[in-house]
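Presented below is the structure to which this report refers.
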Amino acid sequence: MIKIILNTWIFLVLSFLTLVPCANCETEAIKSDQPLTNQQILAEFTFKRDEVVIFIPVRIKGKEYLFFLDTGASTTAFDSSLKEDSIQPRRTGGALFTAGAPATIESFNAPDAFFGPFNLKECGEIIYMDLKMLSSIHGKEISGILGMNFLKKYVVQINFDGGKLLFLKPMAGKNPDWGEAHKIDYHPSGLPFITGTMLKNIKVDFVIDIGDGSTGALHRMIFEKIISENQIRTSEALSQTAGGMIRPRVARIESLSIGTFRYKNLIFDEGNFSRLGLSLLSRHLVTFDFPNNKIYLKKGKKFNKKDELDMTGLHLLRISNQTVVHSVDKDSPADKVGIQAGDVIFEVNGKNANEYQMWELGQIKQSGDKQKMTIVIKRENDIKKVSFFLKKKI
């Protein structure tokens, strides 16, 4: 889903679009357990391994635009700036359900837009939405989201250790090198989900959401049950969704199991539905065999990485080539040294703030309890240098 948290992971939620998947995007599942050899690669791309989403180039009328992959979006979305005034909606009445309030949307015929050897016109329909906030959060001009009405036709393999994205031709059988297979089921909206076990015996259906840079979320009823029964301490995360600003609770939960895989001390936020995000999936080699309704997981180099949250209280945007403070959590380390919303960040730890990618600043903000951080800020005509120590929330 498209979600952006103005915290450790910044994301905007575009989830559970109730658009009917286009008929010409359907691919019949292939039933076979025979090992697969000579898998045909349809397209290969590279991506930055530490980004919180996977960006890909899309060509429209000879110009290249930046989209990202999102298995948590049932349909593909284009930025509103790409919409031509003369085009009319294909239909109206779909609903955009987010962590905030739902909104009514219109769908349109997909235009010619080329992604490697593919034409996104094959999706049948797309939506247009304003992605300016998404661009400010990531510090890049983002023009669209590649959703499930395109992805479901293919085998999509993400090699997080190598920074490679492969689109493979669907074939009978499986590749034994892909790892452990798990069954994918689908929500009526077309979003894929798998089943995991929280703690020892709480079964949870998780939407697989590579558009969410966090570890994931738990439905509010499950979240409440776990934290109350196990007396788990919670914190808050500021989130910007398509429905407005919210502050979900977050908690560190002792264990999650998916098949034979065991994960320890993961941080989940409270949400309207349960999901697994890119941070959890990036611990593996991931192969989505959508035509055969399976996901394969194989341990990667970061399988045992630690889950952390922002430890500063700073929520940053990049606007007009400036790194700007969106907001500051009350009583946080940044608040206690006087940093305010609207301050412009000139330097971070002795380096020009704009020389950092936004995901790099996110890593610095969660780099460790009691780590020192020095920032040079500008407020109107005053320039000030401040230092503080990071403080772990949970």
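Looking for whichever is touching a residue at least 12 places away in the same chain (Cβ under 8 Å), assigned by TED's automatic domain parsing to the domain that holds MET358, touching a Leu at 6+ places or on another chain (Cβ under 9 Å) and over 22 Å from GLN371 (Cβ atoms) here; the options are VAL328, VAL324, VAL344. Which one fits? Full working, then the answer.
Values: VAL328 fails: over 22 Å from GLN371 (Cβ atoms); VAL344 fails: touching a Leu at 6+ places or on another chain (Cβ under 9 Å).
None of the others qualify; the one that does is VAL324.
Suppose we keep only residues that are in a strand (DSSP E or B) and either at pLDDT 95 or above or polar (S, T, N, Q) (or both) within the range 129-144. Which one would you say is farthest from the chain's Cα centre (by Cα)? Lay out the reasoning, then the answer.
To start, the set of residues in the range 129-144 that are in a strand (DSSP E or B) comprises 129, 142-144.
Still in the running and either at pLDDT 95 or above or polar (S, T, N, Q) (or both): 142-144.
Numbers: ILE142: 14, SER143: 15, GLY144: 13 Å.
Across the range 129-144, the extreme among qualifying residues is SER143.
With the range 1-120 as the region, which strands (runs of 3 or more DSSP E) entirely inside it contain at least 2 residues that are modelled with pLDDT under 85? Spell out the reasoning first.
Numbers: elements: 41-46, 55-60, 63-69, 76-79, 91-96, 103-109.
Output list reads 91-96, 103-109.
Within the range 160-214, which residues are in contact with a Gly (Cβ under 8 Å, 6 or more places away or on another chain) and either over 30 Å from ILE226 (Cα atoms) or part of a loop (DSSP other than H, G, I, E, B) (or both)?
PHE160, ASP161, PHE167, LEU191, ASP209, ILE210, GLY211, ASP212, GLY213, SER214, listed by residue number.
Looking only at residues in the range 214-228 that are surrounded by fewer than 24 Cβ atoms within 10 Å (Cβ to Cβ) and in contact with a strand residue (DSSP E or B) (Cβ under 9 Å, 6 or more places away or on another chain), which one is nearest to GLY277 (Cα to Cα)?
If we filter the range 214-228 for residues that are surrounded by fewer than 24 Cβ atoms within 10 Å (Cβ to Cβ), which is where we start, we get 219-222, 224-228.
Filter again for in contact with a strand residue (DSSP E or B) (Cβ under 9 Å, 6 or more places away or on another chain), leaving 219-220, 222, 224-227.
Values: HIS219: 14, ARG220: 17, ILE222: 17, GLU224: 20, LYS225: 21, ILE226: 19, ILE227: 20 Å.
So the residue we want is HIS219.
Restricting attention to the range 153-169, which residues are of a type in the set (Lys, Arg) and under 18 Å from LEU281 (Cα atoms)? It would help to see each step written out before you state the result.
Keep residues of the range 153-169 that are of a type in the set (Lys, Arg), which gives 153, 164, 169.
Matches in the range 153-169: LYS164 only.
Of the conditions (1) more than 27 Å from ASP161 (Cβ to Cβ); (2) at pLDDT 95 or above; (3) β-branched (Val, Ile, Thr), ILE253 satisfies every one except a single condition; which number is it?
The number of the failed condition is (1).
Tally time: how many residues in the range 269-278 are in contact with a Leu (Cβ under 7 Å, 6 or more places away or on another chain) and assigned to a loop (DSSP other than H, G, I, E, B)?
Total meeting the criteria: 1.
Take PHE268 and tell me if it is in contact with a Ser or Thr (Cβ under 8 Å, 6 or more places away or on another chain) and either buried (at least 21 other Cβ atoms within 10 Å of the Cβ) or in the same structural domain as SER135 (by TED's automatic domain parsing) (or both). Talk me through it step by step, then tell me what you get.
Values: in contact with a Ser or Thr (Cβ under 8 Å, 6 or more places away or on another chain): yes; either buried (at least 21 other Cβ atoms within 10 Å of the Cβ) or in the same structural domain as SER135 (by TED's automatic domain parsing) (or both): yes.
Here the answer is yes, as PHE268 does meet what is asked.
Got at least one residue in the range 381-389 being at positive phi and modelled with pLDDT of 95 or more? Quick ask: steps written out before the conclusion?
Initial filter on the range 381-389 (at positive phi): none.
For the range 381-389, residues at positive phi and modelled with pLDDT of 95 or more: absent.
Give LYS203, LYS164, LYS183 a once-over and let me know the one that is loosely packed, with under 14 Cβ neighbours inside 10 Å and under 22 Å from the mean Cα position of the chain (by Cα). Steps first, please.
Values: LYS203 fails: under 22 Å from the mean Cα position of the chain (by Cα); LYS164 fails: loosely packed, with under 14 Cβ neighbours inside 10 Å.
Among LYS203, LYS164, LYS183, only LYS183 is loosely packed, with under 14 Cβ neighbours inside 10 Å and under 22 Å from the mean Cα position of the chain (by Cα).
I'm told LYS351 meets every condition in (1) of a type in the set (Lys, Arg); (2) more than 21 Å from the chain's Cα centre (by Cα); (3) in the same structural domain as ASP209 (by TED's automatic domain parsing) except one. Can you identify the failing condition by its number?
It fails just one condition, (3).
Could you pull out every one of the strands (runs of 3 or more DSSP E) wholly within the range 279-381 that has 2 or more residues that are surrounded by fewer than 20 Cβ atoms within 10 Å (Cβ to Cβ)? Before the answer, list the steps.
Details: elements: 284-289, 294-299, 314-319, 322-328, 344-348, 372-379.
Correct list: 294-299, 322-328, 344-348, 372-379.
In the range 104-122, is there at least one residue being of a type in the set (Ser, Thr, Tyr) and free of Cβ contacts under 8 Å to residues at least 40 places away in the same chain? Walk me through it before giving the result.
Going residue by residue through the range 104-122, those that are of a type in the set (Ser, Thr, Tyr) are 104, 107.
Right, trim to free of Cβ contacts under 8 Å to residues at least 40 places away in the same chain and you get 104.
The answer is yes; a qualifying residue exists.
Within the range 175-184, identify whether any single residue is assigned by TED's automatic domain parsing to the domain that holds PHE273 and touching an Asp or Glu at 6+ places or on another chain (Cβ under 6 Å), and answer yes or no.
No, because not a single residue in the range 175-184 is assigned by TED's automatic domain parsing to the domain that holds PHE273 and touching an Asp or Glu at 6+ places or on another chain (Cβ under 6 Å).
Which pairs have Cβ atoms under 6 Å, sit 6 or more apart or on different chains, and link a residue in the range 362-380 that is more than 19 Å from ASN352 (Cα to Cα) to one that is in a strand (DSSP E or B)?
Listed pairs, sorted by first residue: LYS370/PHE389.
The values are calculated or read from the model by the stated rules, or taken from the named source; none is laboratory data. The structure displayed is predicted, hence computed values, not measured ones. As a convention, Cβ positions derive from the backbone with ideal geometry for all residues, glycine included, and neighbour counts pool all protein chains shown.
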